[in-house]
Amino acid sequence: MGYRRSRAATALSTSRSTAIGILTDGSPRFGPVGTLMALEKVARQKGYFTTVVTVEEPYKDSIPEALATLDEIEVDGIIVIAPLLSMAAAVREATIQVPVEMIAAGASSTPNVFTYSENQELGARMATQHLVDLGHTDIAHLAGSMDWFDGRVRKRGWESALRDSGLPQGLCLEGDWSPGWAHATGHRLVSEKKVPQAVFAASDHTALGLIRAFAECGIRVPEDVSIVGFDDVEGSDFFLPPLTTVRQDFGALAHASIEVLLGAIEGREVDRPPSEPTLVVRASAIPARPGRP
(Lines give C-alpha, C1' and ligand atoms only; values in the text may rest on other atoms or scores of the structure.)
Protein backbone atom coordinates (compact mmCIF):
# COMPACT_ATOMS: atom_id res chain seq x y z
CA MET A 1 0.00 0.00 0.00
CA GLY A 2 3.06 2.25 -0.19
CA TYR A 3 3.42 2.64 3.58
CA ARG A 4 6.66 4.16 4.80
CA ARG A 5 7.69 4.56 8.42
CA SER A 6 7.98 8.17 9.59
CA ARG A 7 11.44 8.63 11.08
CA ALA A 8 10.31 11.85 12.77
CA ALA A 9 7.45 10.01 14.50
CA THR A 10 9.79 7.19 15.50
CA ALA A 11 12.20 9.68 17.03
CA LEU A 12 9.38 11.30 19.03
CA SER A 13 8.06 8.00 20.40
CA THR A 14 11.41 6.38 21.17
CA SER A 15 13.58 9.45 21.93
CA ARG A 16 15.99 8.09 19.31
CA SER A 17 16.72 9.38 15.83
CA THR A 18 17.47 5.97 14.23
CA ALA A 19 20.47 7.68 12.65
CA ILE A 20 24.16 6.79 12.80
CA GLY A 21 26.92 9.19 11.88
CA ILE A 22 29.97 7.94 9.99
CA LEU A 23 33.17 9.97 9.98
CA THR A 24 35.78 9.26 7.32
CA ASP A 25 38.85 10.95 5.90
CA GLY A 26 37.69 10.24 2.33
CA SER A 27 40.64 7.96 1.60
CA PRO A 28 40.35 6.23 -1.80
CA ARG A 29 42.31 3.23 -0.51
CA PHE A 30 40.66 -0.18 -0.62
CA GLY A 31 40.27 -0.71 3.13
CA PRO A 32 38.53 2.56 4.12
CA VAL A 33 36.25 2.50 1.07
CA GLY A 34 35.27 -1.14 1.61
CA THR A 35 34.59 -0.45 5.28
CA LEU A 36 32.40 2.58 4.53
CA MET A 37 30.27 0.75 1.97
CA ALA A 38 29.76 -2.24 4.26
CA LEU A 39 28.82 -0.05 7.24
CA GLU A 40 26.18 1.85 5.28
CA LYS A 41 24.65 -1.40 4.03
CA VAL A 42 24.50 -3.08 7.44
CA ALA A 43 23.16 0.04 9.18
CA ARG A 44 20.34 0.18 6.64
CA GLN A 45 19.55 -3.49 7.25
CA LYS A 46 19.32 -2.71 10.98
CA GLY A 47 16.80 0.07 10.36
CA TYR A 48 19.22 2.99 10.66
CA PHE A 49 20.07 5.58 8.07
CA THR A 50 23.55 7.03 7.95
CA THR A 51 25.00 10.49 7.61
CA VAL A 52 28.55 10.48 6.26
CA VAL A 53 30.88 13.38 6.98
CA THR A 54 34.35 13.64 5.43
CA VAL A 55 37.20 15.34 7.27
CA GLU A 56 40.64 16.44 6.15
CA GLU A 57 43.87 17.83 7.55
CA PRO A 58 44.32 19.54 9.92
CA TYR A 59 42.26 17.01 11.89
CA LYS A 60 42.46 19.03 15.09
CA ASP A 61 40.15 21.54 13.39
CA SER A 62 38.01 19.46 11.04
CA ILE A 63 37.14 16.60 13.41
CA PRO A 64 35.61 18.71 16.23
CA GLU A 65 33.57 20.56 13.58
CA ALA A 66 32.40 17.31 11.99
CA LEU A 67 31.45 15.78 15.34
CA ALA A 68 29.55 18.93 16.26
CA THR A 69 27.63 18.71 12.98
CA LEU A 70 26.62 15.13 13.71
CA ASP A 71 25.67 16.11 17.25
CA GLU A 72 23.43 18.89 15.94
CA ILE A 73 21.42 16.48 13.78
CA GLU A 74 21.08 14.24 16.84
CA VAL A 75 22.53 10.97 15.62
CA ASP A 76 22.32 8.09 18.11
CA GLY A 77 25.97 7.14 17.73
CA ILE A 78 29.03 7.71 15.59
CA ILE A 79 31.46 5.36 13.86
CA VAL A 80 34.82 6.82 12.86
CA ILE A 81 36.81 5.10 10.12
CA ALA A 82 40.28 6.12 11.27
CA PRO A 83 43.15 4.61 9.27
CA LEU A 84 45.59 7.33 10.33
CA LEU A 85 47.16 7.75 13.77
CA SER A 86 46.81 11.55 13.57
CA MET A 87 43.09 11.26 12.84
CA ALA A 88 42.55 8.89 15.78
CA ALA A 89 44.38 11.26 18.12
CA ALA A 90 42.07 14.13 17.18
CA VAL A 91 38.97 11.95 17.72
CA ARG A 92 40.14 10.96 21.20
CA GLU A 93 40.64 14.60 22.17
CA ALA A 94 37.18 15.68 21.00
CA THR A 95 34.09 15.97 23.19
CA ILE A 96 30.84 14.33 22.10
CA GLN A 97 27.69 13.31 23.97
CA VAL A 98 26.76 10.13 22.06
CA PRO A 99 28.69 6.81 21.87
CA VAL A 100 31.70 6.98 19.55
CA GLU A 101 33.25 3.87 18.04
CA MET A 102 36.50 4.00 16.09
CA ILE A 103 37.49 1.42 13.48
CA ALA A 104 41.28 1.42 13.68
CA ALA A 105 43.39 -1.73 13.32
CA GLY A 106 45.10 -2.67 16.57
CA ALA A 107 44.16 0.56 18.38
CA SER A 108 43.12 0.46 22.04
CA SER A 109 39.88 1.82 23.48
CA THR A 110 39.84 4.89 25.73
CA PRO A 111 37.21 6.01 28.27
CA ASN A 112 35.42 8.18 25.69
CA VAL A 113 36.11 6.21 22.46
CA PHE A 114 35.86 2.44 22.05
CA THR A 115 37.45 0.63 19.12
CA TYR A 116 36.78 -2.31 16.85
CA SER A 117 38.70 -3.75 13.90
CA GLU A 118 39.60 -6.78 11.89
CA ASN A 119 42.62 -8.72 13.13
CA GLN A 120 44.97 -7.53 10.42
CA GLU A 121 48.02 -8.61 12.40
CA LEU A 122 46.72 -12.17 12.19
CA GLY A 123 46.28 -11.74 8.44
CA ALA A 124 49.89 -10.60 8.06
CA ARG A 125 51.05 -13.57 10.15
CA MET A 126 49.07 -15.91 7.90
CA ALA A 127 50.61 -14.43 4.76
CA THR A 128 54.14 -14.65 6.14
CA GLN A 129 53.61 -18.11 7.61
CA HIS A 130 52.44 -19.34 4.21
CA LEU A 131 55.81 -18.31 2.76
CA VAL A 132 57.62 -19.94 5.69
CA ASP A 133 55.67 -23.17 5.16
CA LEU A 134 56.77 -23.13 1.52
CA GLY A 135 60.37 -23.26 2.73
CA HIS A 136 61.36 -19.64 2.19
CA THR A 137 63.89 -18.22 4.66
CA ASP A 138 64.60 -14.79 3.13
CA ILE A 139 61.22 -13.05 3.37
CA ALA A 140 61.09 -9.30 2.79
CA HIS A 141 58.20 -6.94 3.55
CA LEU A 142 57.10 -4.07 1.34
CA ALA A 143 55.23 -2.20 4.03
CA GLY A 144 52.51 0.40 3.97
CA SER A 145 52.87 3.78 5.61
CA MET A 146 53.64 3.70 9.33
CA ASP A 147 51.31 6.71 9.66
CA TRP A 148 48.51 4.15 9.20
CA PHE A 149 47.35 1.68 11.84
CA ASP A 150 47.06 -0.91 9.05
CA GLY A 151 50.70 -0.45 8.05
CA ARG A 152 51.89 -0.90 11.62
CA VAL A 153 49.91 -4.03 12.45
CA ARG A 154 50.74 -5.73 9.14
CA LYS A 155 54.41 -5.10 9.72
CA ARG A 156 54.04 -6.41 13.27
CA GLY A 157 52.42 -9.60 11.98
CA TRP A 158 55.27 -10.16 9.53
CA GLU A 159 57.84 -9.64 12.28
CA SER A 160 56.14 -11.98 14.74
CA ALA A 161 55.71 -14.77 12.17
CA LEU A 162 59.42 -14.66 11.33
CA ARG A 163 60.39 -14.51 14.99
CA ASP A 164 58.18 -17.45 15.94
CA SER A 165 59.63 -19.46 13.05
CA GLY A 166 63.18 -18.77 14.17
CA LEU A 167 63.99 -16.80 11.02
CA PRO A 168 65.90 -13.51 10.86
CA GLN A 169 63.98 -10.37 10.02
CA GLY A 170 64.29 -9.73 6.30
CA LEU A 171 64.42 -6.50 4.38
CA CYS A 172 61.59 -4.05 5.20
CA LEU A 173 60.86 -1.00 3.08
CA GLU A 174 58.11 1.48 3.95
CA GLY A 175 55.98 2.98 1.19
CA ASP A 176 52.65 4.59 0.43
CA TRP A 177 50.61 1.50 -0.58
CA SER A 178 50.72 2.46 -4.25
CA PRO A 179 51.76 0.30 -7.24
CA GLY A 180 53.89 3.21 -8.47
CA TRP A 181 56.06 3.23 -5.35
CA ALA A 182 56.34 -0.58 -5.42
CA HIS A 183 57.28 -0.53 -9.11
CA ALA A 184 60.12 1.92 -8.47
CA THR A 185 61.21 -0.06 -5.41
CA GLY A 186 61.28 -3.29 -7.40
CA HIS A 187 63.63 -1.75 -9.97
CA ARG A 188 65.84 -0.47 -7.16
CA LEU A 189 66.04 -3.92 -5.54
CA VAL A 190 67.15 -5.40 -8.86
CA SER A 191 69.74 -2.70 -9.54
CA GLU A 192 71.17 -3.06 -6.02
CA LYS A 193 71.10 -6.88 -6.27
CA LYS A 194 68.88 -7.14 -3.19
CA VAL A 195 66.03 -9.19 -4.64
CA PRO A 196 64.76 -11.43 -1.80
CA GLN A 197 63.59 -15.02 -2.01
CA ALA A 198 60.02 -14.07 -1.11
CA VAL A 199 57.99 -10.92 -0.38
CA PHE A 200 54.97 -10.19 1.77
CA ALA A 201 53.46 -7.05 0.23
CA ALA A 202 51.30 -4.89 2.51
CA SER A 203 48.62 -4.52 -0.17
CA ASP A 204 47.63 -6.11 -3.46
CA HIS A 205 48.38 -2.84 -5.27
CA THR A 206 51.88 -2.92 -3.79
CA ALA A 207 52.26 -6.51 -5.01
CA LEU A 208 51.04 -5.48 -8.48
CA GLY A 209 53.69 -2.78 -8.89
CA LEU A 210 56.42 -5.10 -7.65
CA ILE A 211 55.44 -7.93 -10.00
CA ARG A 212 55.48 -5.52 -12.94
CA ALA A 213 58.97 -4.25 -12.05
CA PHE A 214 60.35 -7.77 -11.67
CA ALA A 215 58.84 -8.83 -15.02
CA GLU A 216 60.49 -5.86 -16.74
CA CYS A 217 63.82 -6.98 -15.31
CA GLY A 218 63.45 -10.63 -16.33
CA ILE A 219 62.71 -11.89 -12.82
CA ARG A 220 59.86 -14.39 -12.78
CA VAL A 221 57.10 -14.60 -10.18
CA PRO A 222 56.79 -17.14 -8.64
CA GLU A 223 59.68 -19.12 -10.18
CA ASP A 224 62.35 -16.66 -8.97
CA VAL A 225 60.47 -14.74 -6.25
CA SER A 226 57.30 -15.73 -4.38
CA ILE A 227 54.90 -12.91 -3.51
CA VAL A 228 51.87 -12.73 -1.19
CA GLY A 229 49.64 -9.68 -1.01
CA PHE A 230 46.94 -8.35 1.33
CA ASP A 231 43.34 -7.22 0.62
CA ASP A 232 42.11 -9.55 -2.16
CA VAL A 233 41.05 -6.60 -4.30
CA GLU A 234 38.74 -7.24 -7.22
CA GLY A 235 40.86 -8.59 -10.07
CA SER A 236 43.69 -9.96 -7.94
CA ASP A 237 42.78 -13.42 -9.27
CA PHE A 238 43.56 -12.06 -12.75
CA PHE A 239 47.02 -10.73 -11.90
CA LEU A 240 49.82 -12.46 -13.78
CA PRO A 241 50.26 -14.75 -11.93
CA PRO A 242 46.99 -14.88 -9.93
CA LEU A 243 47.86 -13.42 -6.55
CA THR A 244 47.95 -15.32 -3.29
CA THR A 245 46.61 -12.82 -0.78
CA VAL A 246 44.72 -12.17 2.46
CA ARG A 247 41.01 -11.45 2.12
CA GLN A 248 39.39 -8.93 4.44
CA ASP A 249 35.78 -9.65 5.39
CA PHE A 250 34.21 -6.18 5.36
CA GLY A 251 30.75 -7.63 5.85
CA ALA A 252 31.72 -9.34 9.11
CA LEU A 253 33.58 -6.20 10.22
CA ALA A 254 30.54 -4.02 9.56
CA HIS A 255 28.04 -6.37 11.23
CA ALA A 256 30.16 -6.67 14.38
CA SER A 257 31.01 -2.97 14.65
CA ILE A 258 27.38 -1.92 14.13
CA GLU A 259 26.27 -4.43 16.78
CA VAL A 260 28.86 -3.08 19.22
CA LEU A 261 27.72 0.50 18.60
CA LEU A 262 24.03 -0.39 18.97
CA GLY A 263 24.87 -2.10 22.25
CA ALA A 264 26.43 1.12 23.50
CA ILE A 265 23.43 3.14 22.31
CA GLU A 266 20.99 0.79 24.06
CA GLY A 267 23.08 0.52 27.22
CA ARG A 268 23.99 -3.14 26.88
CA GLU A 269 27.47 -4.60 26.73
CA VAL A 270 28.48 -6.40 23.56
CA ASP A 271 31.71 -8.36 23.52
CA ARG A 272 32.79 -9.09 19.98
CA PRO A 273 36.26 -10.45 19.17
CA PRO A 274 37.99 -8.88 16.16
CA SER A 275 36.79 -10.29 12.85
CA GLU A 276 39.31 -12.55 11.12
CA PRO A 277 40.66 -12.44 7.57
CA THR A 278 41.34 -15.51 5.45
CA LEU A 279 44.28 -16.58 3.30
CA VAL A 280 43.42 -17.10 -0.37
CA VAL A 281 46.02 -19.33 -2.02
CA ARG A 282 46.55 -18.85 -5.74
CA ALA A 283 49.68 -19.04 -7.88
CA SER A 284 52.10 -16.24 -6.92
CA ALA A 285 53.96 -18.22 -4.24
CA ILE A 286 55.49 -21.68 -4.64
CA PRO A 287 57.89 -23.87 -2.63
CA ALA A 288 61.44 -22.58 -2.32
CA ARG A 289 63.95 -24.04 -4.74
CA PRO A 290 67.16 -25.37 -3.19
CA GLY A 291 70.23 -23.62 -4.52
CA ARG A 292 68.32 -20.66 -5.91
CA PRO A 293 70.89 -18.05 -7.02
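Values for this structure:
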item: So Asp232, is it of a type outside the set (S, T, N, Q), under 14 Å from the mean Cα position of the chain (by Cα) and at positive phi; result: yes
item: Restricting the range 243-268 to residues that are out of contact with any helix residue (DSSP H, G or I) (no Cβ under 6 Å at 6 or more places or on another chain) and assigned to a loop (DSSP other than H, G, I, E, B), the residue that is farthest from Gly77 (Cα to Cα); result: Gln248
item: Of residues in the range 62-108 being out of contact with any helix residue (DSSP H, G or I) (no Cβ under 9 Å at 6 or more places or on another chain) and of a type in the set (Val, Ile, Thr), the one farthest from Gly144 (Cα to Cα); result: Ile73
item: Test for Val52: is it in the same structural domain as Gly26 (by TED's automatic domain parsing) and buried (at least 18 other Cβ atoms within 10 Å of the Cβ); result: no
item: From Ser108, Ser117, residue being surrounded by fewer than 17 Cβ atoms within 10 Å (Cβ to Cβ) and not hydrophobic (A, V, I, L, M, F, W, C); result: Ser108
item: Answer residue from the range 1-30, given it is part of a helix (DSSP H, G or I) and closer than 29 Å to Phe250 by Cα and is modelled with the highest pLDDT among those; result: Phe30
item: Subset of the range 102-119 (residues that are out of contact with any Ser or Thr (no Cβ under 6 Å at 6 or more places or on another chain) and either more than 18 Å from Gln248 (Cβ to Cβ) or of a type in the set (Asp, Glu) (or both)); result: Ser108, Thr110, Pro111, Asn112, Val113, Phe114
item: Hey, Asp237 part of a helix (DSSP H, G or I) and acidic (Asp, Glu) or not; result: yes
item: Residue match in the range 169-179 (condition: without any contact (Cβ under 8 Å) to a residue 12 or more places away in the chain, more than 20 Å from Ala105 (Cβ to Cβ), in contact with a helix residue (DSSP H, G or I) (Cβ under 7 Å, 6 or more places away or on another chain) and not charged (D, E, K, R)); result: yes
item: Residue identified as aliphatic (A, V, I, L, M), in contact with a Pro (Cβ under 6 Å, 6 or more places away or on another chain) and touching a residue at least 24 places away in the same chain (Cβ under 8 Å) among Ala254, Ala264; result: Ala264
item: Strands (runs of 3 or more DSSP E) (entirely within the range 31-124) containing at least 1 residues that are in contact with a strand residue (DSSP E or B) (Cβ under 9 Å, 6 or more places away or on another chain) and of a type in the set (Asp, Glu); result: 100-103
item: Criterion violated by Arg220 - all others in (1) at negative phi; (2) touching a residue at least 12 places away in the same chain (Cβ under 8 Å) satisfied; result: (2)
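The values are calculated or read from the model by the stated rules, or taken from the named source; none is laboratory data. Since this is a predicted model, take the numbers as computed values, not measurements. Cβ atoms come from the backbone with ideal geometry, glycine included; neighbour counts cover every protein chain shown.
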